[in-house]
Amino acid sequence: MNIAISKEVRLKPVLSISHLSVKFTGGDGSPVLAVDDVSLSLATGEILCIVGPSGCGKSTVLNVVAGMVRSTPSAPVEISGDFHIATQATLRSRQIGYMFQQDTLLPWKTALQNVMLPLTLQGRPGARERAEELLALTGLEGFGGRFPKELSGGMRKRVQMAQLLAQDPEILLMDEPFGALDAQTRALMQQEFLRVWERDRKSIVFVTHDLTEAILLGDRILSMSARPGRIKREVSVGIARPRTVESLVGSDRYAELHHMLWADLQAEAVRTLGGGVR
Amino acid sequence: MKRLYNLMLRAGWLVGLILFALAWYAVSAAGLVTEKVLPSPQSVLTKFVEDVVSAQVWQNIGITLQAWFLAVPIGYACGVSIAFALIAVPQVQRAIHPYLVLGNSIPRVVLAPVFILALGLGLSSRVALGVSLIVFPVALGVYGGFKLCEPALLNSVAMFGADRRAQWLHVRLPAALPYLVSNWRLAASLGLLGAIVGEILIAPNGLGWLIRIRSGVFDVSGVFSVLIIILALAMIVNLTTDAIAARLLRWQ
Amino acid sequence: MSLAATQVGGAAKPVAGRSLARTMMLHAVAIALTLGLWQFVVAIGLARELVVSTPLRVAAEFFAVVVSPRTWSAVLVTIGELVAGLLIGGAVGVVLGAAFARVPLLDRMFKPLVLALYTLPRLALLPLFVVWLGLGVESKIAVAVIHGVVLFMLGAYAAVSSIDTKLIEACRLFGASRLRLLALVYVPSSVPYLLTTVRQAIGLALGSVIVAEMTGAFAGMGFELSRRLAQFDMTGVLAWVVLASMLGLALERVALTFERRLTRWTPRQQDD
């Protein structure tokens with residue numbers, strides 16, 4: 001692909017992974033190679049999207065980076081490879097933010113208390129004021145006193161976003177964060193996410209299986225193969241920002257990218273159904 | 001008709017109570033059974049009013065409350081501590097979990113004579129019985145609550161920089177709160193059972209003893225009166241628990 | 001932060017069989033140590049044998065109890081009371097619970113009374129039953145009945161109210177009659193709840209029946225226990241307590257096996 005790489009992508013990487021392989025123990029005790037020789041780098045201020053069929057190990061890559069893959073005697077995990085995070089601080093929690101697909105708001109804390117949590121855990125002063133600011137930024141002014149059960153799915157996602165902004169990490173890992181939302185709310189949240197991101201341009205790895213979402217949000221897109229997850233293709237999106245769904249879906253570049261990535265996914269689906277799972 | 005039905009639905013409990021009382025009254029007024037078998041509502045009410053102002057009855061209420069209010073916090077604290085140990089230390093879990101399951105499935109009220117022989121007729125044997133009733137189910141129930149905690153929530157706060165202590169404070173404890181509350185309720189009812197069983201069996205005082213003595217002289221309305229007192233005490237404790245729980249679990 | 005070619009816990013996979021044997025060994029040692037300590041404490045005079053007995057004496061007494069035919073007639077009396085009471089109480093409770101779940105008016109009117117019966121320690125009703133029914137088996141059966149009624153009522157209530165109304169609608173659309181509906185939907189979806197209730201009820205009612213026998217009876221395990229209690233015979237009391245516990249465990253095992261067998265179609269829940 002000889003598409004011009006946008007300026008920010010050439011900056012030095014904040015995160016680089018080289019030759020990462022992850023081997024789990026399957027349900028029947030035999031080893032399962034989940035991730036196979038994956039290398040990638042994330043530049044400062046870049047959104048890198050990873051697409052792939054479900055179960056291709058894209059979430060595993062994020063989990064390894066976040067340090068959430070732990071080996072236990074009953075479920076041993078073998079991780080090989082190397083990854084570097086180029087930041088000044090060494091405290092993992094401050095460098096990396098993680099947005100899960102599930103609701104990870106604490107149901108027993110109000111929206112405001114949830115947003116304050118990362119701030120208070122890190123002992124930063126003025127937590128309440130900052131949290132209120134962030135709720136306002138994500139369009140939730142006046143909802144701070146509500147418990148998560150009293151908020152809609154989209155509003156809960158906004159609170160999660162505000163929470164991540166409060167944490168203020170250098171790198172954001174997002175694992176299908178809008179996957180559980182209905183189509184309309186998802187489109188709205190993507191737009192909101194871009195609006196907030198444009199303000200301070202965090203470096204983000206964004207995992208999704210929604211191709212339109214990947215093209216809308218990403219600077220670059222990696223497509224992964226079915227298990228064992230390998231990187232199959234890397235493309236630069238090369239569509240000028242700010243982007244909107246409406247302007248995007250009409251463009252030729254969108255059609256081209258969508259077609260290409262769709263073909264990748266389809267080929268993987270056929271391969272999996274053909275029996276070659278491992 | 002429809003409106004009457006709706007009214008009945010809303011004020012149902014009152015209607016039910018009145019119906020119940022009327023049926024009771026009718027049975028005893030018709031002379032179907034003697035006062036020795038089923039006393040009339042009025043004689044039970046009279047006895048109850050007498051009891052409520054009787055110093056002797058209050059003394060026995062005090063005895064029962066003593067055993068009850070000692071057994072519940074002791075048993076609950078032990079149960080919850082064991083649950084903590086089970087979740088925090090895998091070795092403890094492996095070592096004692098099978099015994100807790102075992103102890104929970106045996107009919108522990110039959111331990112009453114053991115405690116009576118070992119500790120005597122006094123307060124301590126009844127408290128011990130209550131504690132033995134409470135510890136096993138509470139330990140297992142609260143442990144189950146701790147275990148259910150969503151790993152994604154723990155991971156999420158860990159990413160925000162929560163250490164082990166903060167994870168307990170912000171995630172594990174609040175997540176287990178519904179279980180802590182429901183097991184407190186269970187502990188309260190088992191503590192009362194322990195006290196009453198001890199008293200009915202052999203103790204020289206307490207509400208259970210009062211039931212035993214009164215039934216011994218066929219004072220059935222007196223027995224009913226004590227049952228109402230026990231029920232009232234249990235309900236007061238339950239309602240207090242519910243009120244506190246409703247405040248604590250507003251987020252549910 | 002670098003993670004160069006690490007292997008985390010790749011080897012060290014426990015062999016299931018051997019680790020189980022090891023765990024069993026450890027448990028056996030722990031039990032032996034506890035019993036040994038008990039024996040030792042009495043042997044050096046730290047505790048009086050009259051008060052705490054010794055494991056050897058309890059074991060000897062237990063064997064004497066087990067081989068005596070008198071014991072088994074007592075056990076049969078107790079089991080008979082338990083089963084009779086739970087059958088009667090269970091039948092009444094299931095009917096009442098289902099009715100309460102299907103008729104909201106009934107539910108509204110009499111729920112407080114049911115809750116009262118649930119809140120009250122049910123053993124407190126025992127002296128009343130003795131007044132009404134005497135010291136024979138009837139009053140003990142009544143104790144089991146009251147447990148059965150209350151527990152099965154709640155179980156059936158939960159079972160019937162949890163039935164998916166869509167399931168009923170679907171069966172109606174297929175043309176199922178009321179009776180077929182009962183057989184197709186109500187009974188099978190209630191079975192898991194009711195079997196769990198059976199297990200609970202057995203545990204609770206067994207203890208209560210034995211306590212009931214202790215307060216005054218002519219036969220049964222509780223009667224035997226109370227005789228030994230009156231003689232300050234700790235060894236005998238403990239032997240009978242062990243027997244009662246074993247009976248409780250055995251009955252629960254049986255109930256659990258039935259439950260597993262009959263509810264294989266339900267989504268597997270976690271044990272304990």
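Where a number appears in this text, it was derived from the coordinates with a stated rule and is not lab data. Because the structure is a prediction, the values reported are computed rather than measured. Using ideal geometry, Cβ is built from the backbone for each residue, glycine included, and neighbour counts are taken over all protein chains shown.
This model, with +1 at the C-beta of Lys and Arg and -1 at the C-beta of Asp and Glu, gives chain B a dipole about its Cα centre of some 600 debye. Taking packing as the residue-averaged number of other Cβ atoms within 10 angstrom, the listed peptides C:193-203, B:52-62 run from highest to lowest as C:193-203, B:52-62. Exceedance of the 29 Å cut-off in Cα-Cα distance is limited, within the set A:K232/B:K147; B:K36/C:K140; A:K58/C:K166, to A:K232/B:K147; A:K58/C:K166.
When only alpha carbons of chain A are considered, Rg and Dmax amount to 19.0, 57 Å.
Neighbouring Cβ atoms from other chains, within 10 Å of the Cβ of residues in B:157-169, number 5 on average. Counting Cβ atoms of other protein chains within 10 Å of each residue's Cβ and taking the mean over peptide B:11-18 gives 5.
With coordinates expressed along the principal axes, the C-alpha atoms belonging to the stretch A:151-278 extend over 45, 32, 29 Å, beginning with the largest. Per the Cα gyration tensor, the stretch B:142-247 maps to an equivalent ellipsoid with semi-axes of 45, 13, 8 Å, ordered largest to smallest.
Mean silhouette area of the stretch C:170-246, derived from the convex hull of its C-alpha atoms and averaged over all directions, reads 7.2 nm².
Projecting the Cα atoms of B:L169, B:I61, B:I244 onto the charge dipole of chain B (Cβ charges, centred on the Cα centre) puts B:L169 farthest toward the positive pole. Working note: Debye formula, equal point scatterers on the alpha-carbon atoms of chain C, no solvent; log10 I(q)/I(0) at q = 0.07, 0.10 Å⁻¹ is -0.41, -0.74.
Going from the residue with the fewest nearby Cβ atoms within 10 Å to the one with the most, A:S16, A:S30, C:S208 rank A:S30, A:S16, C:S208. Per-residue ellipticity at 222 nm from helix content only, as computed over chain A with -39500 (n - 2.57) for each DSSP H run of at least four residues, stands at -11500 deg cm²/dmol. Calculated [222 nm] ellipticity per residue, helices only, for chain C: -26000 deg cm²/dmol; basis is -39500 (n - 2.57) per DSSP H run with n ≥ 4, divided by all residues, nearest 500.
Counting Cβ atoms of other protein chains within 10 Å of each Cβ in B:140-150 and taking the mean gives 1. Any chance you could list P(r) for the protein assembly as shown, counting all Cα-Cα pairs in 10 angstrom bins from zero, rounded to whole %? Pairs per bin, as whole percents: 2, 10, 17, 18, 17, 14, 11, 7, 3, 0, 0.
What the Cβ-Cβ distance of C:F174 and C:L106 gives, at R0 = 25 Å and to the nearest 0.05, is a FRET efficiency of 0.30. If R0 equals 30 Å, the separation of the Cβ atoms of B:A77 and C:A158 corresponds to a calculated FRET efficiency of about 0.45. Most simply put, the protein assembly as shown has about 55% antiparallel DSSP beta bridges, counting only bridges with both residues inside it. Placing +1 on the Cβ of every Lys and Arg and -1 on the Cβ of every Asp and Glu, with no other charges, gives the protein assembly as shown a dipole of roughly 300 debye about its Cα centre.
Candidate membrane-span-like segments in chain C, meaning DSSP H helices with Cα atoms spread over at least 27 Å of their own axis and a Kyte-Doolittle mean of -1.0 or above, are C:16-43, C:69-102, C:137-162, C:187-214, C:234-262, with no membrane implied.
Between the stretch B:188-242 and the stretch C:36-84, the C-alpha centres lie 30 angstrom from each other.
Dipole orientation for the stretch A:135-278: of the candidates A:Y254, A:G229, A:Q266, A:G229 has the Cα lying most toward the positive pole (charges on Cβ; Lys, Arg +1; Asp, Glu -1).
Can you tell which of C:L126, A:I204, C:T165 lies farthest toward the positive end of the dipole of the protein assembly as shown, using +1 and -1 charges on the Cβ of basic and acidic side chains (Lys, Arg; Asp, Glu)? Sorting the options by dipole projection puts first C:T165.
Model label sites at B:A166 and C:L117, defined 7 Å from Cα along the beta-carbon direction, differ in position by 5.3 nm.
Computed about its Cα centre, the charge dipole of chain A is approximately 380 debye, with only Lys, Arg, Asp and Glu carrying charge at their Cβ. Each residue in C:T257, A:T138 was given a count of other beta-carbon atoms within 10 angstrom of its own, and listing them fewest first yields C:T257, A:T138.
Once you reduce the stretch A:244-269 and the stretch C:95-144 to the center of their Cα atoms, the two points are 68 Å from each other. Descending by average beta-carbon neighbour count within 10 Å, the peptides C:51-61, B:21-31 line up as C:51-61, B:21-31, the highest first. The packing ranking of peptides C:20-26, A:17-23, highest mean first, is A:17-23, C:20-26, where packing means the average number of other beta carbon atoms within 10 angstrom of each residue.
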